[in-house]
Amino acid sequence: MNNDSLKDLKIGFALTGSFCTLHKAIKAIYNLKALGADIRPIVSDNVCRLDTKFGTTEYWRQELITASGCKDIIDTIPKAEPIGPDRLFDIMVIAPCSGNSLGKLADSITDTPVLMAAKAHLRNNLPLVVAISTNDGLAASCKNIGQLLNTKNIYFVPFLQDNPENKPNSLVADFSLLPQTLLRALKGQQIQPVLAITSK
């Protein structure tokens, strides 16, 4: 694999329950596939089980399969456990990463398929990229962002306030910067600036 290209890169692409952002994640998967990456989807319990106004679980499952070209979605903790010993991925992404999953990641809690996948992947000293989407990023979740920014092998997609007037604590990643973030993370670098200026 060329470190200046995503071609043939094995990516574990995990989605958590920031349901309003799932459409951005699906679009990002299409983009990564077009760049030649090999995508294996991973879903949290909430994405796997909850129907919401943004779509049913079956709708999102089919969207994931279509976008990634992979029918074997990692949707249980036992399915996630082999990621470490079998070294399944070159890099892993959590996009969107909700405030709930962000806090658990910071505290090393592994009670969902996504968090077990992250733990299993990180044991191999490989990069994990986080694309946050949380309404309390500048409130209760802020300390978790700071902690993870200072954690080895964890990198952030640049993020910004998506609605500062009506949701002043809300932060969301700029998904258009995901490919560049991945390439930098593979070199052990945090893409800069980490505070995005405009949303794409």
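General remarks:
- Candidates in the range 116-127 are the residues that are of a type in the set (A, V, I, L, M) and in contact (Cβ under 8 Å) with a residue 40 or more places away in the chain; of these, the one that is farthest from residue 175 (Cα to Cα) is 120.
- Complete set of residues in the range 166-188 that are without any contact (Cβ under 8 Å) to a residue 24 or more places away in the chain and farther than 19 Å from residue 140 by Cα: 177, 180
- Cross-chain or 6+ apart pairs with Cβ under 9 Å, the range 57-75 first and free of Cβ contacts under 8 Å to residues at least 12 places away in the same chain, then exposed (fewer than 14 other Cβ atoms within 10 Å of the Cβ) and acidic (Asp, Glu): 57/51; 58/51; 59/51
- Filter result (out of contact with any strand residue (DSSP E or B) (no Cβ under 9 Å at 6 or more places or on another chain) and among the polar types (S, T, N, Q)) within the range 27-45: 31
- Which listed residue, of 55, 84, is at negative phi, out of contact with any strand residue (DSSP E or B) (no Cβ under 9 Å at 6 or more places or on another chain) and of a type outside the set (S, T, N, Q): 84
- Qualifying residue in the range 174-191 (condition: under 16 Å from residue 18 (Cα atoms) and of a type in the set (A, V, I, L, M)): no
- Restricted to the range 3-106, the set of helices (runs of 4 or more DSSP H) holding at least 1 residues that are buried (at least 24 other Cβ atoms within 10 Å of the Cβ) and more than 14 Å from the chain's Cα centre (by Cα) comprises 57-68, 77-80.
Just so you know, all these numbers are worked out from the coordinates, no wet-lab data involved. From a predicted model like this one, the values you see are computed outputs, not experimental measurements. Cβ coordinates were reconstructed from backbone atoms using ideal geometry, including for glycine residues, and neighbour counts include every protein chain displayed.
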